[in-house]
Every structure is written in C-alpha cells, then in structure tokens.
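> This is the structure I want to talk about, given as structure tokens.
No lab work stands behind these numbers, since they all come straight from the coordinates. Quick caveat: nothing in here was measured; it's all calculated off a predicted structure. Positions of Cβ are generated from backbone atoms using ideal geometry, with glycine treated the same way; all protein chains shown enter the neighbour counts.
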Amino acid sequence: MSDGQPSFADRALAAMLELLHEGALLFEGDALTCRFASARAADILGVPAGSLTGRTRDDLLASVTPADEATARALAALRASQPGERRRETVALQGDPARVLEWSTAPLDQGGPFRGRIDILADRTVEALLRVELDRAYARMAQTSILDDLTGLSNRKHFESEVDREHRRSQRSWASYAVARIDVDGMAQLNADIGEEAGDTLLRRTGEVLKAARREYDLVARWENDELIVLLPGIDERAVKAVLARSIAAMRDAAREVAAREVTFSAGVAVWIPPSVESSEEVLQRAATALQAAQLLGRGHVEIDARMIEWKDDPAAGE
C-alpha cells in the first residue's frame, strides 16, 4: 500500500484482511509506518478504529502495556525484528478485559527489496482461560484422587505409594523409618452411643489433631474405617514412642471434647531398620500385626515391632 490511490490489489488485500478473525497491521517503508490496520486489530488492542494508521511500528509496540515481565521481553523482541526476520511471540496485555495474544510478524519483501512488515494479532484469551481452568481442574482431580472424602487426610492408595517411595529412599540412604497404625478403641459402641454423625466428627477431629502433631515430613492418612496411619521417616523405636505418646495424648483430648467421655486409642508400629530385606508391603503387614497384638492386650495399648517394645497408653496421663 502507498500514500497515493490504492491499487485494486491493495484494496483486495485490505478486504481480505478485514475478513480475518485475527487483527492485521501493515507497515510500510524504512520507518515501518502503519498504512493499514483492520478493525479487529483496533478491537484487540483496545484502541479506537483508525487510530493506528500513520503510527510507526516502533511507536505502536512501545505503547502496548505488558501484563508481565515475559510480555515485556516478547514486545522488545518484536520491536527488534530484523528486516528479513519472522517472529511469533505470546503477549499478555493489561486492560479491561485483559488479553492474551499470539503476535506474529513477517517481512513483506516477496524475494526483493524490503518493503515493510505484516503483523497478525491472534486473540488467544479464551484458549488461555480454558488452559487455566483445565490446569485447575486437573489439580483438583489430582488432589481429590489422593484424599479421603471423610477426613480430608491422604487416602490409603496415596499412603501405600508414599510408603513405597520412602522405603526405596531409606534403602538408598541406609536410614530407618516407621509405620504406625492407630485405631479408635470401641468405635462401634461409640457410634451407637453418640451417633454416626458425631462418630464421623470424632474421626475427622482426631485426624486433624494427629496431622497437626506430626513432624513436618510425616504423612498422616486414613487407612480404613476408624483406623488412621502415619508414615514416620528417619525415626527409630525410641523416637517413635515419644512421638506417639504426644500424638495420642492430643487425640484423646480432642476425642473427649466430641464424645464427652474418655476415648482411648490402640496402635501398632513397625520400624524398618537397614539392612532388612523386607518390602514396604511387609512393613505395613508388620504394623497390622502389631496393632492386633496391642488390641489383644486391651484398650490404650501400643505395640512397637522393632525389639517388641511394649508400653501402655495411660488415659490419666493426659489429665
């Protein structure tokens, strides 16, 4: 296009560019002065129609307000485009509404002397928003797939995966770890006395307290029914006893508030100590066997399967 009367080819090109869903900008000459701007380009950039023509490309790009540092760098790259260079950048613009564009530029040389550039602005805002929503949906799905519906703790599947991961890590680092399975004593009778809704509240509350009392890198999960389970990396049998004593005391206090009576907990612990060759599944089974042994001894017992250390949870100790 030129300053004189446009040719038929120029008019045909302008009509074609107006039909595009994308915005189009034509820049001519060494100064790259805008000779044509489609209505869609003005709409995308949020400026009045006709306000783009006559401006230099450098001036136009400098007037665009970037939404972030990445866009500022992308606009700088577009401004620095060399005569024969093609470039495509993602550009996020401030405004109402904010927009995400795919800004492409190409030289108009047709194999001969450099005549100017054509810039195409494709509005990708909807696609960007959809990607954000999809990412959020995937994150929610991933989060949901590892959480127990009732307690909000990790679920059994996730816990088994993490135990296996910790088992392999402990084998490499030659460090011990423990798995503790904790059960509410007499939960069936509690549900009958206080109601299942209150029983669910008790389990949620004790799970929250157990999670709050854990070390930063411990993992608390609901194993099944009224049984909770804890993964304790880098711990031995002595430390397990101290950690569980503190945790179970806090759980008793929380359960008493919900049930308005004394509630006790039994626990079974398996400590894995290198160079044991057992698997993570076998460690979980040892913890189950230790819990069964604790329950046979009566309410409030804890069995630690390392050197068969045995101790009793005294309900009066927390009062």
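> With unit charges on the beta carbon (Lys/Arg positive, Asp/Glu negative), name the residue among Leu203, Gly29, Ser266 whose Cα is farthest towards the positive pole of the charge dipole of the chain.
Among Leu203, Gly29, Ser266, the one farthest towards the positive end of the dipole of the chain is Gly29.
> Continuing with this model, one more query. Where does the chain land on Rg(C-alpha)/(2.2 N^0.38 Å)? Intermediate values should be presented prior to the final figure.
Working: Rg = 33.8 Å, N = 319, 2.2 N^0.38 = 19.7 Å.
The chain yields a ratio of 1.72.
> Ok, one more. Once phi is turned into ³J(HN,Hα) by the Karplus curve 6.51 cos²θ - 1.76 cosθ + 1.60 with θ = phi - 60°, what whole-Hz value does each residue of the stretch 173-189 show in order, with x for glycine and proline?
Karplus values, whole Hz, x for Gly and Pro: 8, 6, 10, 7, 8, 9, 10, 10, 9, 10, 10, 6, 5, x, 5, 4, 5.
> What ranking do 219-225, 54-60 get when scored by the average of other Cβ atoms within 10 Å per residue, highest first? All intermediate terms of the calculation are to be shown ahead of the outcome.
Values: 219-225: 19.7, 54-60: 16.4.
Answer by packing, highest mean first, reads 219-225, 54-60.
> Taking the Cα-to-Cβ direction at Ala137 and at Thr289 and moving 7 Å from each Cα, how far apart do the two end points lie in nm?
Computed distance between label sites Ala137 and Thr289 equals 4.8 nm.
> Which ³J(HN,Hα) values, rounded to whole Hz and listed in residue order, are derived for the stretch 161-169 from phi using the Karplus coefficients 6.51, -1.76 and 1.60 in 6.51 cos²θ - 1.76 cosθ + 1.60 with θ = phi - 60°, glycine and proline given as x?
Going residue by residue, I get 5, 6, 5, 4, 5, 5, 4, 5, 5 Hz, with x marking Gly and Pro.
> With +1 on the Cβ of every Lys and Arg and -1 on the Cβ of every Asp and Glu, and nothing else charged, how large is the dipole of the stretch 181-269 about its Cα centre, in debye rounded to the nearest 20? Before the final figure, lay out the partial values.
On the way: 13 positive and 17 negative charges, 86 e Å.
Using only the charged Cβ atoms, the result is roughly 420 debye.
> Please list 3J(HN,Hα) in residue order for the stretch 67-72, calculated via the Karplus relation 6.51 cos²θ - 1.76 cosθ + 1.60 where θ = phi - 60°; whole Hz, with x for glycine and proline.
Running phi through 6.51 cos²θ - 1.76 cosθ + 1.60 with θ = phi - 60° gives 8, 7, 5, 4, 5, 4 Hz.
> Springs between alpha-carbon pairs under 10 angstrom, Gaussian network model over the chain: which of Gly186, Gly199, Gly50 fluctuates most?
Its mean-square fluctuation being the largest, the pick is Gly50.
> Also, quick follow-up: Gaussian network model of the chain, Cα springs within a sub-10 Å range: biggest mean-square fluctuation belongs to which of Glu278, Glu303, Glu160?
Glu278
> Here's something else I'd like to know. What is the dipole size for the chain, taken about its Cα centre, with +1 at each Lys and Arg Cβ and -1 at each Asp and Glu Cβ, in debye to the nearest 20? Display every interim value, and only then the final one.
Working: 40 positive and 53 negative charges, 173 e Å.
Here the chain has a charge dipole of around 820 debye.
> Here is a further query. Along Cα→Cβ, 7 Å out, is where each label goes; now give me the distance between the ones at Glu281 and Ala49 in nm to one decimal.
Each label point is offset 7 Å from its Cα along the Cβ direction, giving 7.1 nm.
> Given points 7 Å out from each Cα along the Cα-Cβ axis, report the Ile194 to Asp149 separation in nanometres with one decimal.
Reported label-point gap for Ile194 and Asp149 is 2.3 nm.
> Let me ask something else. Would you grab the residues whose amide H sits under 5 Å from the one on His301? Only those 5+ places off in sequence or on another chain, please, with H modelled 1.01 Å from N.
Close amide H contacts, sequence-distant or interchain: Ala267, Asp313.
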